[in-house]
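Step one of this worksheet: look at the structure below.
The values are calculated or read from the model by the stated rules, or taken from the named source; none is laboratory data. Since the model is a prediction, treat every value here as computed from it, not as a measurement. Please note: Cβ atoms are built from the backbone with ideal geometry, for glycine as well, and neighbour counts cover all protein chains shown.
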Amino acid sequence: MFFNRSKRASVHDDTFQPWMDSLKTCIRAPRLCADIVANLVADLALFLLLAVAQAPAGYAQQAWQAIGPDGGDARSLTSVPGHPDHLYLGTANSTIYESNDGGGSWHRLARLDSADDMVIAHILLDEDNPSRIYAAAWRFDKPEGGLYISDDGGHHWSQASELRNRSVFSLVQSPSNAKILIAGTLEGVYRSTDSGVTWTQISPLGSGEIHEVESLAIDPGNPDILYAGTWHLPWKTTDGGQHWFSIKEGLIVDSDVFSILVDPVEPHIVYASACSGIYKSESAGRLFHKIQGIPTTARRTRVLRQDPAHRETVYAGTTEGLYKTTDGGHTFRRMTGDDVIVNDVWVDPENPNRVLMATDRGGVLASDNGGESFTASNRGFSARKVQALLVDSQDSDRIYAGVVNDKAYGGAFVSDDGGVAWKQIAQGLDGRDVFALSEAQDGTIVAGTNSGIFTLSKDADAWTAKNSIVNTVVHPATRIVRHQRITVEKPEQQTLELDSRVYALDTTGDVWVAATAGGLFTSRDQGASWQGGPAADAIDFHSLAVHGATIAASRLNGVVISTDSGRTWTPLVLPDKVSQVYRVVFDSEGTLWVGAREGLYFLHKNSTTWMWLERLPLVNVSGLSYDPRQNRLLASSRGADFIYIVDPKSLTWTWQRTGYPLYLVRPAGGRLLAASLADGILASHAPSQTQVSQNMADKSAQK
């Protein structure tokens, strides 16, 4: 039997979006349609009543901001012609950032797509009209993307229809005719002669050679002379694409050409970077010769950038650092460590000593001495994938973030001022991803990683591994007693190393608990040793919750529970409708809440009857936490940008929209914090708006 209730609703500009999300779920999972449609009808009817009653009052959209940790994947850089302090930054998560102080700080300008997997590979500003911006984009693992165009400095965007949903890997503008643009796609080369309004393919349709166009260059004096670098050698046309010919002489066969550079004064000088190295031609591409000085291990040179004031100076951004030549390619010198993956290089046209790099994981790196040294320049830019978020129990301004996919640039970060400034604390983690964070009673921070558990003592700068599993294993043994052979049980200690992925931790009590890919583990000596393994014959646990001696842990297809602090485990019988489980939490009354594919369920303490929060328009509840100070549940769905705030007593709820795809939510003093899938930590800065929304609904309901 499921619980039915009368719902209090809130009204604001995005009211219909949660219900649209529910309808999408109905389409993906027809077995849920009956319940979803019934709820939507009731919810929409209530919305119409509230809208009429509340229309004059309106609703102020909740203000959310990304607060760090700074850094992440940066892909492309450009500046406004004549205004080098005005910069644009393209990312790998569908977002464009803007800087008005030469890259000293950034702010989020626009998100080109609701998904977070689109790479903004190139950004161009129209030479004749700098308010017109072009952004070339492609998606990871999908042949999709597009060319996006803005006519108001990046505030509003539209797509070029001929390139809609096409992966656009390269984009250039003719130096001699700003109306001519060239785009490189999976299908071939496209040209526009009207500033990007219309596009025509100028490479042969269905060509077996000129496709997957990674790089482009245009002759500075003749827009009909084009160079195209593909995933299998370069090509050239001298008549605007009517005829093409291969320019592979001197290149290693089947080289991927990542970047092409044509000298603006002597256009017969052409540089090309490929997976096999850097090449230079002094015959407009008829013959290339390989440049020496860059080791073959750095062969993936993603970008070549010429110093606009010193043409003999060329920067080569590789997958193993930044290289620089000051003699036209005769010699190269590496300017950074080999751990820097360079995606783009920008040189200030008015101050060539000012050099910026867009890098993987490290974000933007800046130099004021021609590349001799670099420092991070990421204030306001966060493209981190945060999977763990912890607020200090004594100080809500002290925040810890666990980051994945960033190797030496990631691990764990801490802020002591509510997210204004962050410090990386990765020493001892050796590049591990952090999936879980918890605080012990003595203030020790405990991290669950992709390979084991680590602790950080208060005021320490390095993590210590805590991965010793000490289990007592009983083996049968044979003894001779009074001339008779008998079998007895002989206990032995077995010591192993915990090296599996740790998805969840609770170290708030005397018994520490860890949910891992290898099962469930407990420690009664603050992590010095762990006991456990498969629980109820199951492994791969992703979430856990503790209420006194009672522990609940979930895996995708089930929940187990222990009433003796983890010594024994018993499977819970879930409602028939529940097909997948994502999160479990206890509230202060001991009620167990389960975030599931089908919505939010709860089981009161000492009860065997599950209840369903029937009209909550949220499915795939992958983010769920309990706020004991305000006695509320915070629920979210992976990838959606909504937070639902549920009162566990009245079973009423309100919701907020963050504008960012979410992973989980946590309370922090008078505001909420959220971990996002691609934008770092998010913070609400107007927590009172939720209560305003609820009060409005209350007044309407009373009428």
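For region 212-249, enumerate the residues that are within 24 Å of GLY145 (Cβ to Cβ) and surrounded by fewer than 19 Cβ atoms within 10 Å (Cβ to Cβ).
Result: GLU212, TRP231, HIS232.
So, in region 388-424, how many residues would count as being assigned to a strand (DSSP E or B) and farther than 13 Å from ARG666 by Cβ?
Count: 9.
If the requirement is being of a type in the set (Phe, Trp, Tyr), within 32 Å of the chain's Cα centre (by Cα) and closer than 22 Å to LEU505 by Cα, which of these qualifies: TYR644, TYR660, TYR582?
Numbers: TYR644 fails: closer than 22 Å to LEU505 by Cα; TYR660 fails: closer than 22 Å to LEU505 by Cα.
Exactly one of TYR644, TYR660, TYR582 is of a type in the set (Phe, Trp, Tyr), within 32 Å of the chain's Cα centre (by Cα) and closer than 22 Å to LEU505 by Cα, namely TYR582.
Each row is one residue, and each column tells you yes or no for (1) within 20 Å of SER377 (Cβ to Cβ); (2) in contact (Cβ under 8 Å) with a residue 40 or more places away in the chain; (3) in contact with a Lys or Arg (Cβ under 7 Å, 6 or more places away or on another chain).
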| position | (1), (2), (3) |
| --- | --- |
| HIS243 | no, no, no |
| ASP254 | no, no, no |
| PRO267 | no, yes, no |
| GLY277 | no, no, yes |
| GLN306 | no, yes, no |
| ASP327 | no, no, no |
| GLY337 | yes, no, no |
| VAL342 | yes, yes, yes |
| ASP348 | yes, yes, yes |
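Within region 588-631, count every residue that is under 30 Å from the mean Cα position of the chain (by Cα), part of a loop (DSSP other than H, G, I, E, B) and within 20 Å of ILE551 (Cβ to Cβ).
Summing the residues that are under 30 Å from the mean Cα position of the chain (by Cα), part of a loop (DSSP other than H, G, I, E, B) and within 20 Å of ILE551 (Cβ to Cβ) in region 588-631 gives 1.
What tally of residues in region 632-643 results from selecting those that are under 17 Å from SER684 (Cα atoms) and either part of a strand (DSSP E or B) or among the polar types (S, T, N, Q) (or both)?
Going through region 632-643 one residue at a time, the tally reaches 7.
Yes or no, residue by residue, for (1) in contact with a helix residue (DSSP H, G or I) (Cβ under 9 Å, 6 or more places away or on another chain); (2) closer than 24 Å to GLY329 by Cβ; (3) among the small types (Gly, Ala, Ser):
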{"site": "LYS179", "(1), (2), (3)": "no, no, no"}
{"site": "SER192", "(1), (2), (3)": "yes, no, yes"}
{"site": "THR198", "(1), (2), (3)": "yes, no, no"}
{"site": "SER215", "(1), (2), (3)": "no, yes, yes"}
{"site": "GLN242", "(1), (2), (3)": "no, no, no"}
{"site": "GLU266", "(1), (2), (3)": "no, yes, no"}
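Out of region 238-268, which residues are among the hydroxyl-bearing types (Ser, Thr, Tyr) and assigned to a loop (DSSP other than H, G, I, E, B)?
THR238, SER255
Are any residues in region 161-175 closer than 18 Å to ARG132 by Cα and part of a loop (DSSP other than H, G, I, E, B), and if so, which ones?
SER174, PRO175 - these are the residues of region 161-175 that are closer than 18 Å to ARG132 by Cα and part of a loop (DSSP other than H, G, I, E, B).
Find the residue count for region 548-571, including only residues that are of a type outside the set (D, E, K, R) and farther than 24 Å from ARG501 by Cα.
Total satisfying the criteria: 3.
Among the residues of region 124-142, is there at least one that is closer than 19 Å to ARG384 by Cα, in contact (Cβ under 8 Å) with a residue 24 or more places away in the chain and of a type in the set (Gly, Ala, Ser)?
Checked region 124-142: no residue is closer than 19 Å to ARG384 by Cα, in contact (Cβ under 8 Å) with a residue 24 or more places away in the chain and of a type in the set (Gly, Ala, Ser).
Condition (residue is among the aliphatic types (A, V, I, L, M), at pLDDT 95 or above and more than 21 Å from ALA675 (Cβ to Cβ)) applied to region 595-610: is it met by at least one residue?
Yes - at least one qualifying residue is present in region 595-610.
Output the residues belonging to region 363-376 that are surrounded by fewer than 24 Cβ atoms within 10 Å (Cβ to Cβ) and either touching a residue at least 60 places away in the same chain (Cβ under 8 Å) or not small (Gly, Ala, Ser) (or both).
ALA366, ASP368, ASN369, GLU372, PHE374, THR375, ALA376
So which of SER565, SER622, SER579 ends up being touching a Lys or Arg at 6+ places or on another chain (Cβ under 9 Å), among the polar types (S, T, N, Q) and either modelled with pLDDT under 95 or crowded, with 19+ Cβ neighbours inside 10 Å (or both)?
Going through SER565, SER622, SER579 in turn, just one is touching a Lys or Arg at 6+ places or on another chain (Cβ under 9 Å), among the polar types (S, T, N, Q) and either modelled with pLDDT under 95 or crowded, with 19+ Cβ neighbours inside 10 Å (or both): SER622.
Could you pull out every one of the strands (runs of 3 or more DSSP E) wholly within region 505-546 that has 1 or more residues that are in contact with a His (Cβ under 9 Å, 6 or more places away or on another chain) and at pLDDT 95 or above?
Numbers: elements: 512-516, 519-523, 531-533.
Answer list for region 505-546: 512-516.
Read through the list (1) in a strand (DSSP E or B); (2) in contact (Cβ under 8 Å) with a residue 60 or more places away in the chain; (3) surrounded by fewer than 23 Cβ atoms within 10 Å (Cβ to Cβ), then give the number of the only condition that LEU109 fails.
Of the numbered conditions (1) in a strand (DSSP E or B); (2) in contact (Cβ under 8 Å) with a residue 60 or more places away in the chain; (3) surrounded by fewer than 23 Cβ atoms within 10 Å (Cβ to Cβ), the odd one out for LEU109 is (2).
Filter region 74-91 down to residues that are closer than 16 Å to ARG111 by Cα and either at pLDDT below 95 or surrounded by fewer than 23 Cβ atoms within 10 Å (Cβ to Cβ) (or both), then give me how many there are.
The total comes to 1.
When you scan region 195-247, how many residues do you find that are within 35 Å of the chain's Cα centre (by Cα) and not small (Gly, Ala, Ser)?
The number of residues fulfilling the criteria is 19.
Determine if region 509-516 includes at least one residue that is in contact (Cβ under 8 Å) with a residue 12 or more places away in the chain, surrounded by fewer than 16 Cβ atoms within 10 Å (Cβ to Cβ) and not assigned by TED's automatic domain parsing to the domain that holds VAL391.
So far as region 509-516 goes, no, none of its residues is in contact (Cβ under 8 Å) with a residue 12 or more places away in the chain, surrounded by fewer than 16 Cβ atoms within 10 Å (Cβ to Cβ) and not assigned by TED's automatic domain parsing to the domain that holds VAL391.
Can you tell me how many residues within region 325-362 are surrounded by fewer than 21 Cβ atoms within 10 Å (Cβ to Cβ) and in a strand (DSSP E or B)?
Of the residues in that region, 2 qualify.
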